[in-house]
Amino acid sequence: MKIRVKSNNLLLIFLALIMGITFAVSFVLHGAWQIILIVLLCICLFASVLHIRKFYKKPRIILLFAVLMLTGYLLSCIYMSSFSGRVKTGDITPAEINGGTAVLLLSPGEIDLYDSHSAIYRLKSCREAGLGGVRWWNIPFKAQQLKRSFNSIDGETCILTGQNLFDKLKAELGDRFELYCADLFGSPFIETVVDEILKKGYDKIIVLNNLLVEMPFKEVIDKKIIGVIEKSGNEAEVLFTFPLWNHDGIVSLYEQRILEKTQEISPEQVGVILVARGFDRKTQKEYPQAFDRAEVFYNKIKESLVKNGYDGRKIRIAYIGHRQSGVKDTLDYLLDYGINKLVIAAVGFESTGIETEYIIPRLAESRKLPENVGTVFIGPWGDSDYLVDALLDRLEMVNER
(Lines give C-alpha, C1' and ligand atoms only; values in the text may rest on other atoms or scores of the structure.)
Protein backbone atom coordinates (compact mmCIF):
# COMPACT_ATOMS: atom_id res chain seq x y z
CA MET A 1 0.00 0.00 0.00
CA LYS A 2 1.46 3.34 -1.05
CA ILE A 3 0.82 6.52 0.88
CA ARG A 4 0.99 9.65 -1.22
CA VAL A 5 1.41 13.05 0.27
CA LYS A 6 0.85 15.99 -2.02
CA SER A 7 3.45 18.73 -2.13
CA ASN A 8 0.98 21.32 -0.84
CA ASN A 9 0.27 19.07 2.16
CA LEU A 10 3.98 18.75 2.85
CA LEU A 11 4.33 22.51 2.72
CA LEU A 12 1.46 22.90 5.19
CA ILE A 13 3.03 20.39 7.59
CA PHE A 14 6.43 22.08 7.27
CA LEU A 15 5.02 25.56 7.91
CA ALA A 16 3.04 24.42 10.94
CA LEU A 17 6.01 22.67 12.52
CA ILE A 18 8.34 25.59 11.80
CA MET A 19 5.86 28.01 13.35
CA GLY A 20 5.55 25.89 16.50
CA ILE A 21 9.32 25.61 16.88
CA THR A 22 9.87 29.31 16.15
CA PHE A 23 7.20 30.26 18.68
CA ALA A 24 8.94 28.28 21.44
CA VAL A 25 12.48 29.40 20.64
CA SER A 26 11.53 33.09 20.32
CA PHE A 27 10.55 33.14 24.00
CA VAL A 28 13.96 31.91 25.11
CA LEU A 29 16.20 34.13 22.98
CA HIS A 30 16.72 37.87 23.34
CA GLY A 31 18.02 40.80 21.37
CA ALA A 32 18.43 40.59 17.59
CA TRP A 33 17.80 36.84 17.42
CA GLN A 34 14.41 37.22 19.07
CA ILE A 35 13.43 39.95 16.61
CA ILE A 36 14.53 37.79 13.67
CA LEU A 37 12.49 34.83 14.87
CA ILE A 38 9.39 36.94 15.48
CA VAL A 39 9.67 38.32 11.93
CA LEU A 40 10.10 34.75 10.64
CA LEU A 41 7.04 33.67 12.63
CA CYS A 42 4.95 36.45 11.10
CA ILE A 43 6.10 35.52 7.58
CA CYS A 44 5.25 31.85 8.17
CA LEU A 45 1.86 32.78 9.56
CA PHE A 46 1.09 34.96 6.53
CA ALA A 47 2.28 32.23 4.14
CA SER A 48 0.20 29.62 5.97
CA VAL A 49 -2.98 31.70 5.70
CA LEU A 50 -2.46 32.19 1.96
CA HIS A 51 -1.68 28.50 1.50
CA ILE A 52 -4.79 27.32 3.36
CA ARG A 53 -7.06 29.77 1.52
CA LYS A 54 -5.71 28.65 -1.85
CA PHE A 55 -5.69 24.87 -1.46
CA TYR A 56 -8.21 24.04 1.29
CA LYS A 57 -11.78 24.93 2.07
CA LYS A 58 -12.35 22.56 5.00
CA PRO A 59 -12.51 23.93 8.58
CA ARG A 60 -10.80 20.81 9.94
CA ILE A 61 -7.60 21.86 8.14
CA ILE A 62 -7.34 24.80 10.53
CA LEU A 63 -7.60 22.40 13.47
CA LEU A 64 -4.98 20.11 11.94
CA PHE A 65 -2.70 23.10 11.38
CA ALA A 66 -3.06 24.11 15.05
CA VAL A 67 -2.26 20.54 16.17
CA LEU A 68 0.88 20.50 14.03
CA MET A 69 1.96 23.87 15.45
CA LEU A 70 1.49 22.50 18.96
CA THR A 71 3.55 19.45 17.97
CA GLY A 72 6.40 21.71 16.82
CA TYR A 73 6.20 23.66 20.06
CA LEU A 74 6.29 20.51 22.22
CA LEU A 75 9.20 19.07 20.24
CA SER A 76 11.14 22.26 21.01
CA CYS A 77 10.27 21.96 24.70
CA ILE A 78 11.48 18.34 24.75
CA TYR A 79 14.76 19.39 23.17
CA MET A 80 15.22 22.27 25.65
CA SER A 81 14.37 20.06 28.60
CA SER A 82 16.62 17.17 27.55
CA PHE A 83 19.58 18.61 25.66
CA SER A 84 19.85 22.41 25.96
CA GLY A 85 21.49 24.21 28.86
CA ARG A 86 24.06 21.52 29.52
CA VAL A 87 27.47 22.46 30.84
CA LYS A 88 30.22 20.69 28.95
CA THR A 89 33.32 19.49 30.73
CA GLY A 90 36.46 18.26 29.05
CA ASP A 91 38.84 15.41 29.74
CA ILE A 92 40.22 15.59 33.26
CA THR A 93 43.91 14.90 33.82
CA PRO A 94 45.00 15.73 37.40
CA ALA A 95 47.78 18.31 37.41
CA GLU A 96 50.26 19.62 39.94
CA ILE A 97 48.46 18.77 43.21
CA ASN A 98 48.37 15.12 44.22
CA GLY A 99 45.60 14.72 46.77
CA GLY A 100 44.39 17.24 49.33
CA THR A 101 41.08 18.89 50.20
CA ALA A 102 39.27 21.65 48.35
CA VAL A 103 36.28 23.57 49.78
CA LEU A 104 33.43 24.38 47.42
CA LEU A 105 31.20 27.21 48.63
CA LEU A 106 27.80 26.46 47.12
CA SER A 107 25.03 29.06 47.05
CA PRO A 108 21.71 29.29 45.16
CA GLY A 109 23.09 32.30 43.29
CA GLU A 110 21.69 34.15 40.29
CA ILE A 111 22.75 34.02 36.65
CA ASP A 112 25.11 36.89 35.89
CA LEU A 113 23.95 37.41 32.29
CA TYR A 114 20.70 36.46 30.58
CA ASP A 115 21.24 34.31 27.52
CA SER A 116 19.45 31.22 26.24
CA HIS A 117 21.98 28.78 27.70
CA SER A 118 22.03 30.33 31.19
CA ALA A 119 18.26 30.73 31.22
CA ILE A 120 17.58 27.09 30.36
CA TYR A 121 20.25 25.90 32.82
CA ARG A 122 18.57 27.88 35.61
CA LEU A 123 15.09 26.73 34.67
CA LYS A 124 16.14 23.07 34.48
CA SER A 125 17.78 23.34 37.92
CA CYS A 126 14.60 24.92 39.28
CA ARG A 127 12.51 22.20 37.70
CA GLU A 128 14.64 19.43 39.23
CA ALA A 129 14.38 21.11 42.64
CA GLY A 130 10.61 21.68 42.39
CA LEU A 131 10.89 25.48 42.25
CA GLY A 132 9.08 28.10 40.24
CA GLY A 133 6.42 25.85 38.72
CA VAL A 134 8.77 24.90 35.88
CA ARG A 135 7.63 21.96 33.75
CA TRP A 136 9.16 20.58 30.58
CA TRP A 137 6.30 21.97 28.50
CA ASN A 138 6.34 25.55 29.85
CA ILE A 139 10.08 26.27 29.74
CA PRO A 140 9.69 28.88 26.91
CA PHE A 141 7.09 30.85 28.89
CA LYS A 142 9.16 30.62 32.08
CA ALA A 143 12.20 31.81 30.13
CA GLN A 144 10.23 34.88 29.03
CA GLN A 145 9.24 35.58 32.65
CA LEU A 146 12.84 35.09 33.75
CA LYS A 147 14.08 37.55 31.16
CA ARG A 148 11.53 40.18 32.19
CA SER A 149 12.42 39.71 35.85
CA PHE A 150 16.17 39.74 35.22
CA ASN A 151 15.96 42.95 33.19
CA SER A 152 14.19 44.61 36.13
CA ILE A 153 16.90 44.02 38.72
CA ASP A 154 20.46 45.16 39.22
CA GLY A 155 22.41 42.02 38.38
CA GLU A 156 25.61 43.57 39.70
CA THR A 157 24.16 43.47 43.22
CA CYS A 158 23.77 39.68 42.99
CA ILE A 159 27.32 39.23 41.67
CA LEU A 160 28.94 41.55 44.23
CA THR A 161 27.16 39.87 47.14
CA GLY A 162 28.51 36.48 46.11
CA GLN A 163 32.00 37.87 45.55
CA ASN A 164 32.01 39.61 48.95
CA LEU A 165 31.02 36.39 50.71
CA PHE A 166 33.76 34.47 48.88
CA ASP A 167 36.39 37.10 49.77
CA LYS A 168 35.41 37.11 53.46
CA LEU A 169 35.57 33.32 53.70
CA LYS A 170 38.85 33.16 51.81
CA ALA A 171 40.38 35.66 54.22
CA GLU A 172 39.21 33.60 57.21
CA LEU A 173 40.42 30.27 55.81
CA GLY A 174 43.82 31.57 54.78
CA ASP A 175 46.09 28.71 53.71
CA ARG A 176 44.10 25.97 55.42
CA PHE A 177 41.98 25.16 52.36
CA GLU A 178 41.76 26.17 48.74
CA LEU A 179 38.34 27.80 48.35
CA TYR A 180 36.17 27.63 45.24
CA CYS A 181 32.63 28.89 44.70
CA ALA A 182 29.71 27.77 42.54
CA ASP A 183 26.06 28.71 42.14
CA LEU A 184 23.16 26.31 41.94
CA PHE A 185 21.27 28.34 39.33
CA GLY A 186 23.97 30.14 37.37
CA SER A 187 27.65 30.69 36.76
CA PRO A 188 30.14 29.81 38.03
CA PHE A 189 28.43 26.52 37.24
CA ILE A 190 28.83 23.56 39.59
CA GLU A 191 30.00 21.33 36.76
CA THR A 192 32.81 23.61 35.58
CA VAL A 193 34.05 24.32 39.12
CA VAL A 194 34.15 20.61 40.05
CA ASP A 195 35.92 19.99 36.76
CA GLU A 196 38.52 22.60 37.73
CA ILE A 197 38.98 21.08 41.20
CA LEU A 198 39.57 17.61 39.79
CA LYS A 199 42.02 18.93 37.22
CA LYS A 200 44.04 20.42 40.08
CA GLY A 201 44.35 16.90 41.53
CA TYR A 202 42.29 17.26 44.72
CA ASP A 203 40.86 13.95 45.92
CA LYS A 204 38.50 15.36 48.56
CA ILE A 205 35.83 18.02 48.13
CA ILE A 206 33.95 19.57 51.05
CA VAL A 207 30.77 21.19 49.76
CA LEU A 208 30.12 24.17 52.05
CA ASN A 209 26.35 24.47 51.84
CA ASN A 210 25.11 28.04 51.93
CA LEU A 211 21.59 26.63 52.15
CA LEU A 212 18.75 26.92 54.65
CA VAL A 213 17.73 23.28 54.11
CA GLU A 214 19.28 20.52 52.01
CA MET A 215 16.25 19.20 50.21
CA PRO A 216 15.23 19.36 47.46
CA PHE A 217 18.50 20.99 46.39
CA LYS A 218 20.84 18.20 47.45
CA GLU A 219 19.64 15.71 44.87
CA VAL A 220 20.19 18.29 42.11
CA ILE A 221 23.64 19.11 43.50
CA ASP A 222 24.57 15.43 43.85
CA LYS A 223 23.58 14.76 40.28
CA LYS A 224 25.75 17.58 38.96
CA ILE A 225 28.82 16.81 41.10
CA ILE A 226 28.72 13.03 40.82
CA GLY A 227 28.13 13.30 37.08
CA VAL A 228 31.44 15.16 36.61
CA ILE A 229 33.36 12.81 38.93
CA GLU A 230 32.06 9.71 37.18
CA LYS A 231 32.89 11.15 33.78
CA SER A 232 36.43 11.91 34.94
CA GLY A 233 37.03 8.37 36.20
CA ASN A 234 38.44 9.77 39.45
CA GLU A 235 37.42 8.57 42.89
CA ALA A 236 37.25 11.89 44.70
CA GLU A 237 35.50 11.88 48.09
CA VAL A 238 32.66 14.40 48.50
CA LEU A 239 31.44 15.60 51.90
CA PHE A 240 28.60 18.04 52.55
CA THR A 241 28.31 20.44 55.48
CA PHE A 242 25.02 20.64 57.35
CA PRO A 243 22.50 23.26 56.18
CA LEU A 244 21.91 26.37 58.28
CA TRP A 245 18.30 25.96 59.43
CA ASN A 246 19.24 25.37 63.10
CA HIS A 247 22.15 27.78 63.42
CA ASP A 248 21.37 30.41 66.03
CA GLY A 249 23.74 32.89 64.39
CA ILE A 250 21.45 33.22 61.36
CA VAL A 251 18.45 33.71 63.65
CA SER A 252 20.37 36.45 65.47
CA LEU A 253 21.12 38.09 62.13
CA TYR A 254 17.44 38.62 61.33
CA GLU A 255 16.59 39.54 64.91
CA GLN A 256 19.26 42.25 64.84
CA ARG A 257 18.21 43.59 61.44
CA ILE A 258 14.56 43.86 62.40
CA LEU A 259 15.39 45.53 65.72
CA GLU A 260 17.58 48.10 63.96
CA LYS A 261 14.90 48.94 61.38
CA THR A 262 12.10 49.40 63.93
CA GLN A 263 13.85 50.91 66.95
CA GLU A 264 12.04 54.25 66.60
CA ILE A 265 8.59 52.72 67.12
CA SER A 266 6.90 50.62 69.78
CA PRO A 267 7.28 46.86 68.96
CA GLU A 268 3.54 46.26 69.44
CA GLN A 269 2.83 48.54 66.47
CA VAL A 270 5.06 46.58 64.08
CA GLY A 271 3.83 43.90 61.68
CA VAL A 272 6.41 41.42 60.37
CA ILE A 273 6.11 39.18 57.31
CA LEU A 274 8.72 36.42 57.21
CA VAL A 275 8.84 35.54 53.51
CA ALA A 276 9.79 31.96 52.66
CA ARG A 277 10.34 30.07 49.43
CA GLY A 278 7.34 28.06 48.21
CA PHE A 279 7.47 24.55 46.75
CA ASP A 280 4.88 22.54 44.85
CA ARG A 281 2.81 19.90 46.65
CA LYS A 282 4.75 17.00 45.18
CA THR A 283 8.02 18.35 46.57
CA GLN A 284 6.44 19.08 49.94
CA LYS A 285 5.19 15.50 50.24
CA GLU A 286 8.50 14.04 49.07
CA TYR A 287 10.62 16.01 51.56
CA PRO A 288 8.45 16.72 54.62
CA GLN A 289 11.46 16.86 56.95
CA ALA A 290 13.00 19.73 55.00
CA PHE A 291 9.87 21.83 55.34
CA ASP A 292 9.55 21.00 59.03
CA ARG A 293 13.14 22.18 59.54
CA ALA A 294 12.48 25.40 57.62
CA GLU A 295 9.44 26.03 59.83
CA VAL A 296 11.64 25.58 62.91
CA PHE A 297 13.95 28.31 61.58
CA TYR A 298 11.10 30.74 60.92
CA ASN A 299 9.54 30.08 64.31
CA LYS A 300 12.90 30.67 66.03
CA ILE A 301 12.98 34.15 64.49
CA LYS A 302 9.42 34.74 65.61
CA GLU A 303 10.18 33.61 69.17
CA SER A 304 13.24 35.85 69.39
CA LEU A 305 11.16 38.85 68.28
CA VAL A 306 8.40 38.07 70.79
CA LYS A 307 11.04 38.06 73.56
CA ASN A 308 11.92 41.60 72.44
CA GLY A 309 8.35 42.80 72.89
CA TYR A 310 6.87 42.25 69.41
CA ASP A 311 3.30 40.97 69.17
CA GLY A 312 3.38 37.31 68.07
CA ARG A 313 -0.02 37.73 66.39
CA LYS A 314 1.53 40.32 64.05
CA ILE A 315 4.45 38.13 63.01
CA ARG A 316 3.37 35.95 60.09
CA ILE A 317 5.05 33.52 57.69
CA ALA A 318 4.20 33.97 54.00
CA TYR A 319 5.29 32.01 50.94
CA ILE A 320 5.91 32.83 47.33
CA GLY A 321 5.18 30.11 44.82
CA HIS A 322 2.88 27.22 45.54
CA ARG A 323 2.24 27.45 49.27
CA GLN A 324 -0.32 29.38 51.28
CA SER A 325 -0.62 31.86 52.69
CA GLY A 326 0.87 34.29 50.21
CA VAL A 327 2.41 37.70 50.79
CA LYS A 328 -0.73 39.57 49.66
CA ASP A 329 -3.06 37.63 52.00
CA THR A 330 -0.68 38.05 54.92
CA LEU A 331 -0.33 41.76 54.22
CA ASP A 332 -4.13 42.18 54.24
CA TYR A 333 -4.31 40.30 57.54
CA LEU A 334 -1.75 42.58 59.22
CA LEU A 335 -3.37 45.77 57.91
CA ASP A 336 -6.75 44.64 59.20
CA TYR A 337 -5.16 43.86 62.55
CA GLY A 338 -3.71 47.36 62.78
CA ILE A 339 -0.03 48.26 62.39
CA ASN A 340 2.01 51.43 61.99
CA LYS A 341 5.09 49.86 60.45
CA LEU A 342 5.49 46.86 58.16
CA VAL A 343 8.65 44.76 57.95
CA ILE A 344 9.03 42.34 55.04
CA ALA A 345 11.98 40.03 55.67
CA ALA A 346 13.22 37.52 53.06
CA VAL A 347 14.16 34.91 55.66
CA GLY A 348 13.74 31.92 53.35
CA PHE A 349 16.33 33.08 50.82
CA GLU A 350 20.06 32.69 51.06
CA SER A 351 21.29 34.90 48.23
CA THR A 352 20.29 38.14 46.54
CA GLY A 353 18.37 37.27 43.38
CA ILE A 354 15.24 37.67 41.31
CA GLU A 355 12.95 36.63 44.17
CA THR A 356 14.36 39.15 46.64
CA GLU A 357 15.02 41.98 44.17
CA TYR A 358 11.92 41.70 41.96
CA ILE A 359 9.19 39.24 42.94
CA ILE A 360 8.82 39.99 46.66
CA PRO A 361 8.93 43.82 46.28
CA ARG A 362 6.33 43.62 43.50
CA LEU A 363 4.03 41.52 45.68
CA ALA A 364 4.34 44.07 48.47
CA GLU A 365 3.77 47.02 46.13
CA SER A 366 0.62 45.44 44.68
CA ARG A 367 -1.26 46.41 47.85
CA LYS A 368 -1.65 50.13 48.49
CA LEU A 369 -0.71 50.85 52.09
CA PRO A 370 -2.27 53.53 54.29
CA GLU A 371 -0.21 56.73 54.50
CA ASN A 372 0.56 56.15 58.19
CA VAL A 373 2.15 52.72 57.57
CA GLY A 374 5.86 52.75 56.74
CA THR A 375 7.52 49.80 55.01
CA VAL A 376 10.93 48.25 55.53
CA PHE A 377 12.38 45.46 53.37
CA ILE A 378 15.07 43.18 54.79
CA GLY A 379 16.87 41.04 52.26
CA PRO A 380 18.45 37.58 52.44
CA TRP A 381 21.46 36.85 54.62
CA GLY A 382 23.73 37.54 51.63
CA ASP A 383 27.33 38.20 52.71
CA SER A 384 26.70 38.93 56.39
CA ASP A 385 29.45 38.39 58.96
CA TYR A 386 26.94 36.25 60.87
CA LEU A 387 26.78 33.97 57.83
CA VAL A 388 30.58 33.76 57.56
CA ASP A 389 30.79 32.62 61.19
CA ALA A 390 28.00 30.09 60.63
CA LEU A 391 29.67 28.63 57.54
CA LEU A 392 33.01 28.34 59.36
CA ASP A 393 31.25 26.50 62.21
CA ARG A 394 29.72 24.06 59.73
CA LEU A 395 33.08 23.52 58.05
CA GLU A 396 34.75 22.72 61.37
CA MET A 397 32.06 20.16 62.18
CA VAL A 398 32.73 18.26 58.94
CA ASN A 399 36.49 18.63 59.17
CA GLU A 400 36.52 17.10 62.67
CA ARG A 401 34.78 13.93 61.52
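Give just the number: which of (1) of a type in the set (A, V, I, L, M); (2) buried (at least 20 other Cβ atoms within 10 Å of the Cβ); (3) under 30 Å from Lys204 (Cα atoms) does Ile226 not satisfy? Exception for Ile226: condition (2).
Look at (1) under 24 Å from Ile225 (Cβ atoms); (2) within 23 Å of the chain's Cα centre (by Cα) and you find that Val238 fails only one, number (2).
For region 124-160, filtered to residues that are farther than 17 Å from Pro216 by Cβ and basic (Lys, Arg), the residue that is surrounded by the fewest Cβ atoms within 10 Å (Cβ to Cβ) is Arg148. Residues in region 56-73 that are more than 30 Å from Tyr121 (Cβ to Cβ) and either assigned by TED's automatic domain parsing to the domain that holds Trp136 or surrounded by 14 or more Cβ atoms within 10 Å (Cβ to Cβ) (or both): Tyr56, Ile61, Leu64, Phe65. Selection of helices (runs of 4 or more DSSP H) fully inside region 103-219 by the criterion of at least 3 residues being closer than 17 Å to Phe27 by Cβ and touching a Lys or Arg at 6+ places or on another chain (Cβ under 8 Å) returns 116-129.
Can you find a residue that is modelled with pLDDT under 90 and surrounded by fewer than 20 Cβ atoms within 10 Å (Cβ to Cβ) anywhere in region 248-261?
Checked against the condition, which is being modelled with pLDDT under 90 and surrounded by fewer than 20 Cβ atoms within 10 Å (Cβ to Cβ), region 248-261 yields no hits at all.
Inside region 264-289, can you point out the residues that are over 16 Å from Ala345 (Cα atoms), more than 23 Å from the chain's Cα centre (by Cα) and not small (Gly, Ala, Ser)?
Glu264, Ile265, Glu268, Gln269
Among the residues of region 27-42, the ones that are touching a residue at least 40 places away in the same chain (Cβ under 8 Å) and under 22 Å from Thr71 (Cα atoms) come to 3 in all. Of all residues in region 252-267, those that are free of Cβ contacts under 8 Å to residues at least 60 places away in the same chain have Cβ atoms under 6 Å from Cβ atoms of residues that are of a type outside the set (Ser, Thr, Tyr) and not in a helix (DSSP H, G or I), 6 or more apart or on another chain, in Pro267/Gly309.
Condition check for Leu244 on (1) buried (at least 17 other Cβ atoms within 10 Å of the Cβ); (2) in a helix (DSSP H, G or I); (3) at pLDDT 95 or above: one failure, at (2).
Please state which one of Val327, Val270 is in contact with a strand residue (DSSP E or B) (Cβ under 7 Å, 6 or more places away or on another chain), crowded, with 18+ Cβ neighbours inside 10 Å and modelled with pLDDT under 90. The match here is Val327.
Checked against (1) over 29 Å from Ile153 (Cα atoms); (2) among the small types (Gly, Ala, Ser); (3) touching a strand residue (DSSP E or B) at 6+ places or on another chain (Cβ under 8 Å), Gly309 meets all criteria but (3). Assessment of region 366-380 against the conditions (within 29 Å of the chain's Cα centre (by Cα), among the aromatic types (Phe, Trp, Tyr), part of a strand (DSSP E or B) and closer than 23 Å to Leu244 by Cα) yields at least one matching residue. Just one of the numbered conditions (1) closer than 28 Å to Met397 by Cβ; (2) buried (at least 22 other Cβ atoms within 10 Å of the Cβ) is not true of Gln289: (2). Test Ile229 against the criterion of being among the hydrophobic types (A, V, I, L, M, F, W, C) and not assigned by TED's automatic domain parsing to the domain that holds Gly338, and give yes or no. Yes; evaluated as a whole, the condition is true for this residue.
Among the candidates Ser116, Ser48, Ser76, Ser81, the residue that is buried (at least 18 other Cβ atoms within 10 Å of the Cβ), under 30 Å from Leu11 (Cα atoms) and free of Cβ contacts under 8 Å to residues at least 40 places away in the same chain is uniquely Ser48. Among the residues of region 290-308, none qualifies, meaning not one is under 29 Å from Arg148 (Cβ atoms), more than 21 Å from the chain's Cα centre (by Cα) and outside the structural domain of Leu105 (by TED's automatic domain parsing).
The values are calculated or read from the model by the stated rules, or taken from the named source; none is laboratory data. Note that the structure is a prediction, hence the values are computed from the model and not measured. With ideal geometry, Cβ positions are generated from the backbone for all residues, glycine too; neighbour counts draw on all protein chains shown.
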